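Okay, structure first, notes after.
The values are calculated or read from the model by the stated rules, or taken from the named source; none is laboratory data. Here the structure is a predicted model, which is why all the values come from computation and not from measurement. Cβ sites come from the backbone with ideal geometry, for glycine too, and all protein chains shown count toward neighbours.
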Amino acid sequence: MSSIDDDIVWPEDAIEVAKVIDAWGIKGWIRVHPYSADPQAVFSSRRWFVQPPADRPVLAGAAALPRVLCITHAKEHGDGVVAAAQEIPDRNTAEALKGARIFVSRSSFPTVGDGEYYWVDLIGLQVVNRADEVLGTVVDLAETGAQSVLRLVRTETDAGGKSREVECLIPFVSAYIDEVSLERRRIVADWGLDY
């Protein structure tokens, strides 16, 4: 006998966008923490793909978490999002989802304007300076309030042949970023190797 979960096909472009932080209310709603200050990626799809938290072991005899949630209602609430899904009939089920990771298909994200990028699209891009020296690869972004900051890592070899990772932080603002090419997977920055 097969279940609906057996027929679920995860999208190849699934992106983790949020996690369930708790139950909300008594009717099976969940509180969700989106990974972006603007939760539009969370709202972009009514199908949320679910994975259990990586740090929680699956207990023998415990009910399996649904692999997909069909969202019936979702709205911003405070600094997060609250949502209801067909698969969550009550508070107990909502509480069982605490810590679950939420993914949506990247193709469902709203289109961004010129000069705007989703953080997930910048991760992995190579950053070079105007002299075409490699500054590193984008491994993360941080929001400082005033601006976003690219966190880069590159490997350097010292005179003794020993390699080490070097981290570089560059504000993601037009004063320092000359070009972003998602097609070429490259960012050009007005930044020196020794900054």
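For every residue, the table says whether it meets (1) in a strand (DSSP E or B); (2) β-branched (Val, Ile, Thr); (3) more than 30 Å from SER181 (Cα to Cα).
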residue: LEU69; (1), (2), (3): yes, no, yes
residue: ALA83; (1), (2), (3): yes, no, yes
residue: PRO89; (1), (2), (3): no, no, yes
residue: GLU95; (1), (2), (3): no, no, yes
residue: VAL104; (1), (2), (3): yes, yes, no
residue: ASP114; (1), (2), (3): no, no, no
residue: TYR117; (1), (2), (3): no, no, no
residue: VAL120; (1), (2), (3): no, yes, no
residue: GLY124; (1), (2), (3): no, no, no
**Asked** Only one residue in ARG184, ARG130, ARG151 is surrounded by 11 or more Cβ atoms within 10 Å (Cβ to Cβ), of a type in the set (Lys, Arg) and under 21 Å from the mean Cα position of the chain (by Cα), so which one is that?
**Response** ARG151
**Request:** Report yes if LYS27 is among the basic types (Lys, Arg), modelled with pLDDT of 90 or more, part of a loop (DSSP other than H, G, I, E, B) and loosely packed, with under 13 Cβ neighbours inside 10 Å, otherwise no.
**Result:** yes
**Residues of region 55-106 satisfying the condition of being of a type in the set (S, T, N, Q), farther than 19 Å from TRP10 by Cα and at pLDDT below 95** = ASN92, THR93
**Message:** Going through GLU179, GLU133, GLU165 one at a time, which residue ends up being modelled with pLDDT of 95 or more and over 29 Å from PRO39 (Cβ atoms)?
**Reply:** GLU133
**Complete:** Taking region 85-103 and the residues there that are touching a Lys or Arg at 6+ places or on another chain (Cβ under 7 Å) and among the small types (Gly, Ala, Ser), the one that is surrounded by the most Cβ atoms within 10 Å (Cβ to Cβ) would be ALA100
**Prompt:** Taking region 130-178 only, how many residues are in a loop (DSSP other than H, G, I, E, B) and of a type in the set (Gly, Ala, Ser)?
**Reply:** 8
**Message:** Going by what's in this entry, would VAL82 be described as among the β-branched types (Val, Ile, Thr) and assigned by TED's automatic domain parsing to the domain that holds VAL9?
**Reply:** yes
